Number of protein chains: 2
Amino acid sequence: MKKREVPASVKDERLVKKRRNQMIKGAISLFKQKGFHQTTTREIARASGFSIGTLYEYIRKKEDVLYLVCDRIYDEVRDRMEQAIDTTQGDLDSLKLAIAYYFRVVDELQDEVLVMYQEAKSLGKESLPYVLNKELQMVAMFEHILRRCVDNGVFSLTEQEIQLFAHNIFVLGQMWGFRRWALKKMYTLDEYIQLQTKLLLEGLMKR
Amino acid sequence: MKKREVPASVKDERLVKKRRNQMIKGAISLFKQKGFHQTTTREIARASGFSIGTLYEYIRKKEDVLYLVCDRIYDEVRDRMEQAIDTTQGDLDSLKLAIAYYFRVVDELQDEVLVMYQEAKSLGKESLPYVLNKELQMVAMFEHILRRCVDNGVFSLTEQEIQLFAHNIFVLGQMWGFRRWALKKMYTLDEYIQLQTKLLLEGLMKR
DNA sequence: AAATGTTGAGCGAACGCTCGTTCAATGATG
DNA sequence: CATCATTGAACGAGCGTTCGCTCAACATTT
């Protein structure tokens, strides 16, 4: 899937990158507070440090801002994961570490994750598949680790089970972000990681 | 927590109920298609079968419609659950049945559940806590079943684990609704129920 | 029972405002 | 001075909300 371009007029590459970064940074902080729909293009421009006219030199439609923001957040999460997770080992500890690390990333970027989770649906038919695909890539990272474990006989799962389990890890990580209104009253992040890891690995059956 | 009222002028009780029902039905079908923000009060009125003027005889602000819709959906889900789930047994089978039944309810009402999930955040500071509380009540149904199982020695969990597990069931049920773009390609509902039940109860460890 | 008054649900044109978007003018650069 | 970047006033479509009006149904008077 090719990256959807958000063309502006032909300008200096460096400047475009710089302006886009200002824009993304400003927009994220606004979307965190008020959501995409309640945020005004003028507010985005002001928060980015330039005028409404300049904003429209670097995007075509307001929705382009949302696209750029979602794109950036996914990249941020994926980069952090790739940087810290070892998908080659294939033992139980590296799975546990991957889960723990992923949950910590979600915690660190909880506002950003929340923005994406709540606003991605407002993307048009063009951009949405591209963004959803990025999500599947991240799920695939967990699938990969799980598959390696199965190969090594650490536990045994069907392919169907592997994929579902990977989705579960992904969603239960996000849950720490989008249900914090309930969860933070009950657990610290460390408790959450420890408990979820236990429940994920062992289920609830007496053994 | 008392039900937040959405007062209109003093009118015949029966009629108010009837109009509200028309409104909720029309609004849900619109919100499903286009979301709350993209839906116009005029469209809501038209879909409800009356005029924009009449709409405003029964609400004060557009947001009131969203509140009524969320309220209705939660009640619908809860009613179906209460009707079918036995919280008194406290054995493994009634837990499995509760999970299966809940997942089926989410499937049946997937559009409604999706609407709530995506739009509830747009509720104001007044209504949001009331709606979130309804959600906790549903989580509490699972907690109750789990607690009874623990009492009966079916399995053993700390109170912390019970609460988290209940949240997990709740969220993984909703996951079938909000990630159907990915999940429906991989599983039928029955497969999903069966696999999730297995993973929830047994985890992934070799035994 | 005819004439007259009262009620209140229903209506939709009109209002005021917000917001996304444009573009002619101005500034900066080299 | 030619080129590119920036600006913000202006635009106009679209929105939520209001309010004066209509009219059938019912109540009261004659």
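The values are calculated or read from the model by the stated rules, or taken from the named source; none is laboratory data. No experiment lies behind these values; they were computed from the predicted model shown. Positions of Cβ are generated from backbone atoms using ideal geometry, with glycine treated the same way; all protein chains shown enter the neighbour counts.
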Inset, instruction - Output the residues belonging to the stretch A:133-147 that are within 17 Å of A:ALA100 (Cα to Cα) and at the interface with chain B (Cβ under 7 Å from one of its Cβ atoms). - result: none
Inset, instruction - Filter the stretch A:157-174 for residues that are surrounded by fewer than 17 Cβ atoms within 10 Å (Cβ to Cβ) and either touching a Lys or Arg at 6+ places or on another chain (Cβ under 6 Å) or assigned to a helix (DSSP H, G or I) (or both) and give the result. - result: A:GLU159, A:GLN160
Inset, instruction - Determine which single condition A:ALA182 fails, assuming it passes every other condition in (1) part of a helix (DSSP H, G or I); (2) more than 10 Å from chain B (Cβ to nearest Cβ); (3) out of contact with any Cys (no Cβ under 6 Å at 6 or more places or on another chain). - result: (2)
Inset, instruction - Give the residue that is surrounded by the fewest Cβ atoms within 10 Å (Cβ to Cβ), with candidates limited to residues of the stretch B:1-42 that are at pLDDT below 95, within 13 Å of DNA strand D (Cβ to nearest atom) and outside any helix (DSSP H, G or I). - result: B:SER9
Legend entry - Test: residue in the stretch B:23-40 that is near DNA strand C (Cβ under 9 Å from one of its atoms), more than 14 Å from chain A (Cβ to nearest Cβ) and either in contact with a strand residue (DSSP E or B) (Cβ under 6 Å, 6 or more places away or on another chain) or of a type outside the set (Phe, Trp, Tyr) (or both): no
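Pick out, from the stretch B:43-143, the helices (runs of 4 or more DSSP H) lying fully within it that include 2 or more residues that are free of Cβ contacts under 8 Å to residues at least 24 places away in the same chain and not small (Gly, Ala, Ser).
On the way: elements: B:52-58, B:62-84, B:92-108, B:110-119.
In the stretch B:43-143, B:52-58, B:62-84, B:92-108 are the helices (runs of 4 or more DSSP H) which contain 2 or more residues that are free of Cβ contacts under 8 Å to residues at least 24 places away in the same chain and not small (Gly, Ala, Ser).
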Legend entry - Failed item in (1) of a type outside the set (Lys, Arg); (2) under 28 Å from A:HIS37 (Cα atoms); (3) surrounded by fewer than 18 Cβ atoms within 10 Å (Cβ to Cβ); (4) touching a helix residue (DSSP H, G or I) at 6+ places or on another chain (Cβ under 7 Å), with B:ASP86 passing the rest: (2)
Inset, instruction - State yes or no: is A:VAL150 of a type in the set (A, V, I, L, M, F, W, C), more than 10 Å from chain B (Cβ to nearest Cβ) and part of a helix (DSSP H, G or I)? - result: no
